[in-house]
Structure formats: C-alpha cells, structure tokens
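The values are calculated or read from the model by the stated rules, or taken from the named source; none is laboratory data. Quick caveat: nothing in here was measured; it's all calculated off a predicted structure. Methodologically, a virtual Cβ is constructed for each residue, glycine included, from the backbone with ideal geometry; neighbour enumeration extends over all protein chains shown.
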Amino acid sequence: MSNSIFVKNAAQVITMQGHTDKPAKKEAMQQLSIVENGSVLAQDGEIIAVGTEAEIKNNYPDVVRNAKEIHATGKIVTPGLIDPHTHLVHAGTREIEYAMRLKGKTYMDIMHAGGGIHATTEATQKAGFEQLYQTSKKRLDTFLLHGVTTVEAKSGYGLTTEHELKQLEVAQQLNKDHVIDIVSTFMGAHAIPIAEKDQPEKFVDKVIDEMLPEVAKRNLAVFNDVFCERGVFTPEQSKRILEAGKQYGLIPKIHADEIEPYGGAELAAEVGAISADHLLKASEIGMTKMAENDVVGVLLPGTAFFLMAAFADARKMIDNGVAVALSTDANPGSSPTLSLQFIMNLGCLKMGMTPEEVLMATTINAAHAINCAKEVGSLEVGKKADITIFDVPNYLTLSYQYGMNHVDTVIKNGEIVVEERHLAYY
Ligand SMILES: N=CN[C@@H](CCC(=O)O)C(=O)O
Ligand SMILES: [Zn+2]
C-alpha cells in the first residue's frame, strides 16, 4: 500500500502559511496564501510539498509516481478544519428548553430553575462510560463529515470528581480510537451544583482541592476552563480556580462575558489565558487587554444565533488587534450544531467578518487557541497531512452558500477518511 498521497490540481489550495509562530491578527487575517491550480503531496502522514502539479512532480518524481492520486479539479483544498471549543461529551438533549425560550424564558432563568447546564449534568451523571462514548463518537463522525479533523472537548457536565473524570476519560479513549484528534479541557467550574448553591466557595474549594489534582494526576486535560458569569462564578472565584490549575500545568481558558460584561476578557489577559471564549458583551478595555496579551478570542456565533442574542463584535476585535478564532460551541443547550461551515456563514453575515477571516479563524487561529499550531492548522511542509477538500469552485462560495455541507473528501494523517461525496452546490 502506498504511504503517500497526491492531491492534484485543485482550483485553489488555501495554505494559511506563515502564521504558525503567532496567530494572525488584523490585516494578516486576510492573508490566506492561495496556490491557484495547486497540489499537495504528503508522505507518512506529513505534508512534504505544496505547489503546482508541475513543480511537485519535478521535485518529487519518485514519491509522486507511487502516490495515491486524488483529483481535486474544480474544488478547493484547505487545512482540516479545527473546532477549538466543544462540549462534545454529554448525554441528553434540551429541545424542551428551546421551546420555552421561544416563548420568552431566558437561558439564565432556565438554568437557575434547575434546567440548563444542570439538566445536562443530571443526564450525564446517569449515563455510563459506554453510552457517553458511543454518542460522542457519533458526534465526532459527524464533525469529520463536515471537514473537521481536530476538536477541543470540555468536561463540565459531571460537576463531581467521579463524573468529571468519567467525561474526560471518555474523551481520552476517543482520542485514541477515533481519527479526529481531541484536545481536552477540564471544566469542573461550569456551574455550581443545585444542592451546593448556597455554598459556592465550598464548591470552588472542591474544584481546586479535589478535582484538579485528580485530573492532573491522570493527565486528562491540557486546559482549565471556568464559566465566569454573574450568577455562576465570579471573577475572583474564576481567578482562584485558574491560578490553581496553573500550578498543575493546566493552561487557563475562560467562558467570558457571554450574558453581560463581567470582566472575563480582562481576567483572561491577567491570568495569561490562551483564549477567552464567547465575548458577546466584552468591554473595549477587555478587548484591548486581550490584544496586548495575545489572548485568542474564540467567538461562538452559533450561541448568539440560537439564544437570539446580540452577536459578538468580531469586526471591532479584529480591528483592535485581537486574534479571532471561530467554533461551534457544540452543546445541547446553547448551540446544538456540529457544522463549523454554518458558523463560518454566521461569522460573515452576523459578525462582520470577511470570507478570508472566517477561514483563518477555523484553521490556524483555531489551532493557536488550543496550542497545536505547530502540528496542524495550515498546509505547510512538516505539518500533519490533515486536509479537507470542498466541492466548491472558490473559497468565497464556502461562506456564501449557507447551511450546507460542502465537504467532498477528508484526509487525516495522510489517510482518506471521508471519500469523494459528489455533492451538488447551489
Ligand atoms: N455558557 C456556558 N456553557 C456552554 C453552554 C452549556 C449548556 O448550556 O449546556 C456554552 O459555552 O455555551
Ligand atoms: Zn462552552
């Protein structure tokens, strides 16, 4: 069997090259580095050449001769998409709450009445490892069909040491078994359990003294995330939890300023978070501090869409120098979708981003948000051969035709994992 693969003669190969050391900011978010009529050659799971067919054939005649060929004529080739914020592992759905919200109840009302995150926590606590494994595996299969080759996955629906570990262990096992790479985040501070709501500090102590050491001992997470929001965790509590995680080498992330301005963006800069996520209501000072401290802004327009809220001001963030990434925020309450392509549509139509910026935000900048830009996020020599081929004639079409799946072929670690699907486009 051939260990090399030659993706030939695409209408456009969109490389994203040149942003591996630092995420793209401001005008650099427009620089996709496109090879027209381009090709990509990979061997042993790694990219070894990007250029025109003639150049690559000339430089690597033997590898090309033995390679499996993929004809990408009339299609575009991008790095495998990266989703840097998901709540992948959970049980249950919340369509009843959706119907309640359509009649005027708010997300926070429902949560404080014992629904929301608490409802999913109850379902997730009841579910065994195998059930969580199988449902999360299906979600990964769907992500892959939509062109995603790396995802971040959070815990946070366990809220006890036992069940937080269970969620993270499911993600760890799936990372071994599934072709998609999973980068895990511990989020024991996703909500204060209903039964402990009168003693929030005690729960914060539990996260710090009980959960964090176990997560770290078992090497189950790279990041440590907190839902910093009025009525959930205060900036002070969030800071304690994030600083404590740093003692174990866990890198801070924050669910910040989603419902109201609450100092989350500022806190992200202060604790050296790799990203601050949501940011619908981030203050201008917060944005400036994020830009100055290289905190990636992970924007989740699916959440604003689904909660019928005002969208984050991506335009202002980018113009102020924040490196922006995009994600589905896949979860059963505020963003039940597995389509990063629809998120790109929303980025353009609802947050003032350009088609170039949304591509940057779902590839190399997304890789930076989860600290894996050295391995993935661009089509450059030495990176993993994670490649998505879309059956569209140019990249503009990806964010122009909305709510559709344009994926034709997906290659992960140099292997074809989604075969040519021959989809029509509009
Ligand atoms: N906002 C907090 N956490 C999740 C939603 C969790 C849920 O509603 O189940 C989010 O990122 O949107
Ligand atoms: Zn989230």
Quiz prompt | Checklist (1) closer than 25 Å to Cys228 by Cα; (2) away from ligand 1 (no atom under 16 Å from the Cβ); (3) surrounded by fewer than 20 Cβ atoms within 10 Å (Cβ to Cβ) applied to Ile182, failing item | solution = (3)
Quiz prompt | Within region 196-240, tally of residues that are away from ligand 1 (no atom under 16 Å from the Cβ) and on the phi > 0 side of the Ramachandran plot | solution = 1
Practice problem: Go through region 135-171 and give me each residue that's within 16 Å of ligand 1 (Cβ to nearest atom) and under 21 Å from Thr409 (Cα atoms). | Solution: Arg139, Val151
Exercise. Tell me which of these Leu280 doesn't satisfy, since it passes every other one: (1) within 16 Å of ligand 2 (Cβ to nearest atom); (2) in a helix (DSSP H, G or I).
Key: (2)
Practice problem: Identify the residue in region 269-300 that is under 21 Å from the mean Cα position of the chain (by Cα) and closer than 11 Å to Asn320 by Cβ and, among all such residues, is surrounded by the most Cβ atoms within 10 Å (Cβ to Cβ). | Solution: Gly297
Exercise. State whether one or more residues within region 278-293 are among the hydrophobic types (A, V, I, L, M, F, W, C) and more than 26 Å from Val222 (Cβ to Cβ).
Key: yes
Exercise. Report, ordered by the first and then the second residue, all pairs with beta carbons closer than 6 Å, sequence separation of six or more or different chains, a first member in region 177-202 that is among the aliphatic types (A, V, I, L, M), and a second member that is at pLDDT below 95.
Key: Ile194/Gly114
Quiz prompt | Subset tally (residues that are in contact with a helix residue (DSSP H, G or I) (Cβ under 9 Å, 6 or more places away or on another chain) and within 12 Å of ligand 1 (Cβ to nearest atom)) for region 107-121 | solution = 9
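Yes or no, residue by residue, for (1) assigned to a helix (DSSP H, G or I); (2) out of contact with any helix residue (DSSP H, G or I) (no Cβ under 6 Å at 6 or more places or on another chain); (3) over 25 Å from Val170 (Cα atoms); (4) not assigned by the TED database to the domain that holds Gly158:
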| residue | (1), (2), (3), (4) |
| --- | --- |
| Ile208 | yes, no, no, no |
| Phe227 | no, yes, no, no |
| Lys246 | yes, yes, no, no |
| Lys253 | no, yes, no, no |
| Glu258 | no, yes, yes, no |
| Glu270 | yes, yes, yes, no |
| Met287 | yes, no, yes, no |
Quiz item: Quick one: in region 89-122, which of the residues that are part of a loop (DSSP other than H, G, I, E, B) and among the charged types (D, E, K, R) is surrounded by the fewest Cβ atoms within 10 Å (Cβ to Cβ)?
Solution: Lys103
Quiz item: Of the residues Lys316, Lys374, Lys289, which single one is touching a residue at least 60 places away in the same chain (Cβ under 8 Å), basic (Lys, Arg) and more than 16 Å from ligand 1 (Cβ to nearest atom)?
Solution: Lys374
Quiz prompt | Which listed residue, of Arg94, Arg65, is out of contact with any strand residue (DSSP E or B) (no Cβ under 6 Å at 6 or more places or on another chain) and away from ligand 2 (no atom under 16 Å from the Cβ) | solution = Arg65
Practice problem: May I ask you to say which residue of Thr52, Thr93 is out of contact with any Asp or Glu (no Cβ under 7 Å at 6 or more places or on another chain), farther than 30 Å from Glu292 by Cα, among the β-branched types (Val, Ile, Thr) and within 16 Å of ligand 1 (Cβ to nearest atom)? | Solution: Thr93
Quiz item: For region 68-88, which residues satisfy the criterion of being among the β-branched types (Val, Ile, Thr), part of a loop (DSSP other than H, G, I, E, B) and away from ligand 1 (no atom under 12 Å from the Cβ)?
Solution: Thr73
Quiz item: How many residues does region 143-171 hold that are more than 16 Å from ligand 2 (Cβ to nearest atom), over 14 Å from the mean Cα position of the chain (by Cα) and not aliphatic (A, V, I, L, M)?
Solution: 6
Quiz item: When you scan region 332-426 for helices (runs of 4 or more DSSP H) that lie fully inside it, which ones turn up with 1 or more residues that are among the hydroxyl-bearing types (Ser, Thr, Tyr)?
Solution: 396-400
Practice problem: Considering (1) of a type outside the set (Ser, Thr, Tyr); (2) surrounded by fewer than 23 Cβ atoms within 10 Å (Cβ to Cβ); (3) modelled with pLDDT of 95 or more, say which one Gly377 fails and leave the rest. | Solution: (2)
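Condition first: assigned to a helix (DSSP H, G or I) and either more than 25 Å from Met108 (Cα to Cα) or within 16 Å of ligand 2 (Cβ to nearest atom) (or both). Can you find one or more residues in region 294-302 that meet it?
yes
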Quiz item: Taking region 251-268 as the region of interest, how many residues are touching a strand residue (DSSP E or B) at 6+ places or on another chain (Cβ under 6 Å) and surrounded by fewer than 21 Cβ atoms within 10 Å (Cβ to Cβ)?
Solution: 1
Quiz prompt | Flag for Leu174 being away from ligand 1 (no atom under 16 Å from the Cβ), of a type in the set (A, V, I, L, M), at pLDDT 95 or above and within 19 Å of the chain's Cα centre (by Cα) | solution = yes
